[in-house]
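Read through the structure below, which is laid out as structure tokens, and then see the notes.
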Amino acid sequence: MPASGPAPARLSARRVLALVADPGTFAELPHPARQSPPDGPLGWQGYDASRARAAERTGEEESVVVGTARVEGTAAVLIAFEFGFLGGSLGERTGDRLEAAYVHARAHRLPVVPLVATGGSRMQEGMLALSQLQRVARQSALTREAGLAQVAVLRDPTTGGGWATLGAGADVILALPGAQVGFAGSRVRPPDADPAAYTAEAQLAAGAADAVVPPAELKASLGLWLRLLTAPAPIPADPPLALGGSALPATGWEAVRRARAPHRPRAEAYLDAYFTRRVALVGDRCGGADPGGMLCGFGERADGRTVAFAAQTGTATRPAGYRTAARLIRLADRLGIPVLTLVDTPGAANDAEAERQGAGAAIAELFGEVAAARTPITTLVVGEGGSGGALALAAPGNTWATPDSYFSVIAPELAAAILKRAPDDVETTAGQLRIRPQDLVELGVVRGIVGNSPDGLAAPAPPAPPG
């Protein structure tokens, strides 16, 4: 990532509204008329003159413009910051408008879209300005409790309290390329701070944003997110059809070999076949992402239904992957969207770095979210089901398996080692563990085995050899 580059264009509030709103649909919302003493609540000399100059320069009366509009056909409340008005800073009047926007969203069951460009709180109003962050956080929390989505768009710059509330507190975070994003603004950072760390791209890499979207694609991307997050259909998702072989494995070791085969269909293939289009939820919001080990997001089925997904990719899952899946399930549960999970991992990452990143706590969090979810969760084991690192993603009572999968308390090689058996006994151990899909059905661990056609299960396997 380059340490510096050309500064991104700073769009005015009206320009960004015109960029995302369907033509002719934006209607500004009324807001309370606050009477304040000369030069504001602190009597800051010259404050009134500064506001007057900002209004003349931008054509706005405050640092935010709020209203309703349709984005690709979906109605939403839009909050657009005007950075040209005192750096898009938050003051008491800003707080009035923000609160009015959230109240209107809850009253009319609309998602909220903050289009953020701010330097933080307004110095000329002191602690009264800073306290607006608590006010915004309260309104955001009430909106979250009401089951309404919040999708933030980070413009240049998004710093200070605006990032730490309206931005980072949103359910989904999109950002414009090259936007300055960070809690510390450019004037208050350590002099040796790496500027590349305070960018939209860095936040994406750190799991603090979901996508960096060019302006020309912003409307389509935002519209798709809003459509998917506002179309709940809380009925269980159907398990996908199997994409691999249809015959069941004859032995436990055959099940292991087939699950580990490099040509076996993986998560991407299953998601492509299951959804007509989908968007990715990236990162755990704790400084980590595991895009190579866990794919999370929301997709649209051919019948228009939205289904959330968390899919392991066949590699060892990192702690950030488990936390991202937990984040996805919490959001889907709150919005009433069913969830599909795909199990495919040899197990949780067990290196020293994974331990330092809190592997146990991350897996425990996911177990808890799956157990507590009110929205229906459907699981398909598509490959390896390795120990608790796989079971954490599985829905109790609604887990299915493909013919080229297995599910085991631990990998057969490790089981043999724990039992102090010779390497030659691994295959025998695999059979004794009863890890074949048909074994799992008989044991009651999975509900059934999916086939590769809508009207049938997998073909029965020949009997396992004795022993």
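Quick note: the coordinates plus some simple rules give every number you see, no bench work behind them. This is a predicted model, so every value here is computed, not measured. Here Cβ is always computed from backbone atoms with ideal geometry, including for glycine, and neighbour counts include all displayed protein chains.
Cβ crowding within 10 Å ranks Asp424, Asp439 as Asp424, Asp439, fewest other Cβ atoms first. Legend: P(r) of the chain from all alpha carbon pair distances, 20 Å bins from 0, whole percents, reading 24, 47, 23, 6, 0. Rg/Rh for region 341-395 stands at 1.00; both radii use Cα atoms, and Rh follows the Kirkwood definition.
Placing unit charges on the Cβ atoms only, positive for Lys and Arg and negative for Asp and Glu, gives region 252-457 a dipole magnitude near 480 debye about its Cα centre.
When Rg and the Kirkwood radius Rh are both evaluated on Cα atoms of region 252-457, their ratio Rg/Rh stands at 0.96. Taking 0.36 nm per residue of separation and subtracting the Cα-Cα distance, full extension of the segment from Ala233 to Arg109 would add 43.0 nm. Over the residues of the chain, the helix contribution to mean residue ellipticity at 222 nm works out to -10000 deg cm²/dmol, using -39500 (n - 2.57) for each DSSP H run of at least 4. Working note: Karplus 6.51/-1.76/1.60 with θ = phi - 60° gives region 214-219 the couplings x, x, 5, 9, 5, 4 Hz, where Gly and Pro are set to x.
In this simple spin-label model, placing a label point 7 Å from the Cα along the Cα-to-Cβ direction at both Gln134 and Arg277 gives a separation of 4.3 nm. As a proxy for reagent exposure, Arg57, Arg189 were ordered by neighbouring Cβ count within 10 angstrom, fewest first; the result is Arg57, Arg189.
Overall, the chain carries a charge dipole of about 640 debye about its Cα centre when +1 sits on the Cβ of Lys and Arg and -1 on the Cβ of Asp and Glu, all other atoms neutral.
For Arg14 and Glu353, what is the calculated FRET efficiency with R₀ set at 60 Å and r taken between the beta-carbons, to the nearest 0.05?
0.80
With contacts taken as Cα pairs under 8 Å and at least 6 residues apart, the chain reaches a relative contact order of 12 percent. Less than 5 angstrom separates the built amide H of Thr199 from those of Val181, all sequence-distant by 5 or more or on a different chain. Rounded to the nearest 20, the Cβ-based charge dipole of region 13-229 about its Cα centre (Lys and Arg +1, Asp and Glu -1) stands at 280 debye.
Spin-label model, Ala417 to Ala261: label points 7 Å out along the Cα-to-beta-carbon direction sit 2.7 nm apart.
Toward the positive end of the charge dipole of the chain, with +1 on the Cβ of Lys and Arg and -1 on the Cβ of Asp and Glu, the farthest Cα among Ala247, Phe298, Asn350 is that of Phe298.
What whole number of Å gives the distance from the Cα centroid of region 134-164 to the Cα centroid of region 197-256? If you average the Cα positions of each part, the centres end up 23 Å apart.
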